[in-house]
Number of protein chains: 2
Amino acid sequence: MLLGNRLRSYFSNDRALHQSIRNVFGYYPGNISLFKLALRHKSATQKVINGLRLNNERLEYLGDAILSAVVADFLFKRFPYRNEGFLTEMRSKIVSRTSLNKLAMKLGLDKLISVGGERNKKGKSAGGDAFEAVVGAIYLDKGYEFTRKLLINRIINVHFDVEMLVEEEISFKSRVIEWAQKEKHELSFTVIGQSGEKHNNQYIIAAMVDGEIIAQANDYSIKGAEKLVAEKAWQIILSKQTAPDEMAG
Amino acid sequence: MLLGNRLRSYFSNDRALHQSIRNVFGYYPGNISLFKLALRHKSATQKVINGLRLNNERLEYLGDAILSAVVADFLFKRFPYRNEGFLTEMRSKIVSRTSLNKLAMKLGLDKLISVGGERNKKGKSAGGDAFEAVVGAIYLDKGYEFTRKLLINRIINVHFDVEMLVEEEISFKSRVIEWAQKEKHELSFTVIGQSGEKHNNQYIIAAMVDGEIIAQANDYSIKGAEKLVAEKAWQIILSKQTAPDEMAG
């Protein structure tokens, strides 16, 4: 009787997961064990086989790569006249940890994750990690083309406002880069020094046009300093133009 | 007559490229213009359409993502008992710029690249960039499954000695990580300070096991310091074990 109950409960758990995957992703999974693994957070690892902990980390690695490829393809076709810098930035925005965590919440995926002990043990990025792992599971279950269509039709087109991301994403840096390409100027963002010392170390970055510094800024990270200097450079470029609105096009 | 000559030369150039792609990748491309674009280095950019320079940079962006996905899948299936840290390091090794540049040379792809002006204008990584761009072209031409099989059968299995990469790649860091996971120790590599100043700035990194520093090292880059400290930590772990060979399991 005990075994009977366990079996029943085992199959009814599986049935519930089948239904949840159907609700979130629009199809009944073929190999349910892939999805169970995809939703097993590292804190819930029970089994270790050949030194490998059985949780969703390997599937997350796979799903991350598949998701990146699908989004790269989607953006490549959606923006035929945008350069690779723009495409790269747009992709980072879509697949960032923050973005995927929010997505997992919207999909209710975070409620399906198995964690060990208390629920809050799983940490902040468990949702995004699980989403990537589920993408890996769908890919192994149904292949690339199926996964690509599912991600575009049920995820990107439904949960991302791509036009709004474009607005946000036309960063000062990419505006400056596009301007330089269009006007055939040599442009570089170069670390020209560091200020402060030890824990206080800041990078000084210059925006150089045809070998001349047009703006500089400093920040604790290279990325931060670049963002600041790009904004300064863009203001300077604008101030020297008569029809600034046409330049970014 | 002039037009006739031009047309003839145009088609015979295309035929030569068709044949080259067949020789290198084993199939006659459907859409040859994708491959012409994939082999056009940025120094050879002639046309600009809607502010976009027509060269291989967009295809390189796409091909990079497709190549990463294919290699992730390949390694995931080839090493079912390796963790995601190992898979990530192995992939970096296969798709690194150095590795892809060498590959492009072996394939003779570097000789097919169009560059503007002198040939040496193209820079060191033009080969690897062009390889990625060609992967993007194959993907657009024939789809993911075709590209995946071609890359595995004609590139990875022929040009990479995966077993040798494994030997090289079982880095001290991954050995220490695997040991900690197996023995259930909390492990971290932490920046605990910086030495020197400005251009001489070095990072000091500690390997910490269950909150205690077991080794430390410094280097100009965080990555370099981690590598050094991982080697020291591994020696210390080994020296405390009786059967060291079994640990890396």
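The values are calculated or read from the model by the stated rules, or taken from the named source; none is laboratory data. Please read these numbers as outputs of a predicted model, since none were measured by experiment. Cβ coordinates were reconstructed from backbone atoms using ideal geometry, including for glycine residues, and neighbour counts include every protein chain displayed. Side chains included, ligands, DNA and RNA excluded: accessible areas come from the protein's heavy atoms. Shrake-Rupley method; radii C 1.70, N 1.55, O 1.52, S 1.80 Å.
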Most fluctuating residue of B:Glu145, B:Glu197, B:Glu89 in a GNM of chain B with Cα springs under 10 Å: which is it?
B:Glu197
What is the spin-label model distance, in nm, from A:Met105 to B:His159 if the labels are put 7 Å beyond Cα along the C-beta direction?
4.5
Just how much of B:Thr88 is accessible, in Å², when a 1.4 Å probe is used and the result is rounded to the nearest 10?
60
Let me cross-check A:His159: its accessible surface, 1.4 Å probe, with only protein heavy atoms counted, in Å² to the nearest 10?
50
For the pairs A:Lys227/B:Lys47; A:Lys173/B:Lys124; B:Lys93/B:Lys124; B:Lys124/B:Lys223; B:Lys42/B:Lys111; A:Lys77/B:Lys149, note any where the Cα-Cα span goes beyond 21 Å.
A:Lys227/B:Lys47; A:Lys173/B:Lys124; B:Lys124/B:Lys223; A:Lys77/B:Lys149
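Could you tell me the ratio Rg/Rh of the range B:59-169? Both radii from Cα atoms, Rh via Kirkwood.
Details: Rg = 14.4 Å, Rh = 14.6 Å.
Result for the range B:59-169 is an Rg/Rh of 0.99.
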Shielded residues, the range B:184-204 - accessible-area loss of 30 Å² or more between chain alone and all protein chains, probe 1.4 Å
B:Gln194, B:Glu197, B:Lys198, B:His199
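With the full set of protein chains in place, find how many percent of the accessible area of the range A:100-219 is carbon and sulfur; take the probe as 1.4 Å.
Working: 2960 of 6040 Å².
For the range A:100-219, the apolar C and S fraction of the accessible surface comes to 49 percent.
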Please pull out the direction-averaged projected area of the protein assembly as shown, using the convex hull of its alpha-carbon atoms, in nm² to one decimal place.
29.1
A:Met105: accessible area at probe 1.4 Å, nearest 10 Å²?
120
At the nearest 100 Å², what buried accessible area, both sides summed, do you get for A and B when the probe is 1.4 Å?
3700
Shortest first and in nm to one decimal, what separations exist between A:Glu167 and its copies in the other chains, measuring from label points 7 Å along the Cα-to-beta-carbon line?
5.9
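When ligands, DNA and RNA are left out and all protein chains stay put, how many square angstrom of accessible area per residue does chain A have with a 1.4 Å probe? If you can, show how the numbers build up before the last one.
Values: 12990 Å² over 249 residues.
That works out to 52 Å² per residue.
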Pseudo-label separations to other copies for A:Tyr28 - Cα-to-Cβ vector, 7 Å, nm
4.6
Find every distance from the label point of B:Pro80 to the corresponding label point in the other copies (7 Å from Cα along Cα→Cβ) and write them in nm, one decimal, shortest first.
4.5
Nearby aspartates and glutamates by direct alpha-carbon distance to A:Lys142 (threshold 19 angstrom, same-chain neighbours under 8 apart not counted)
A:Asp14, A:Glu60, A:Asp64, A:Asp73, A:Glu132, B:Asp73, B:Glu145
Just for the Cα atoms in chain B, what are the lengths along the principal axes, largest first, rounded to whole Å?
83, 45, 29
Computed FRET efficiency, Cβ-Cβ of A:Ser33 and B:Tyr81, R0 22 Å: what is it to the nearest 0.05?
0.85
Treat every Asp and Glu Cβ in chain A as -1 and every Lys and Arg Cβ as +1, leave all other atoms uncharged, and give the resulting dipole magnitude about the Cα centre to the nearest 20 debye.
1720
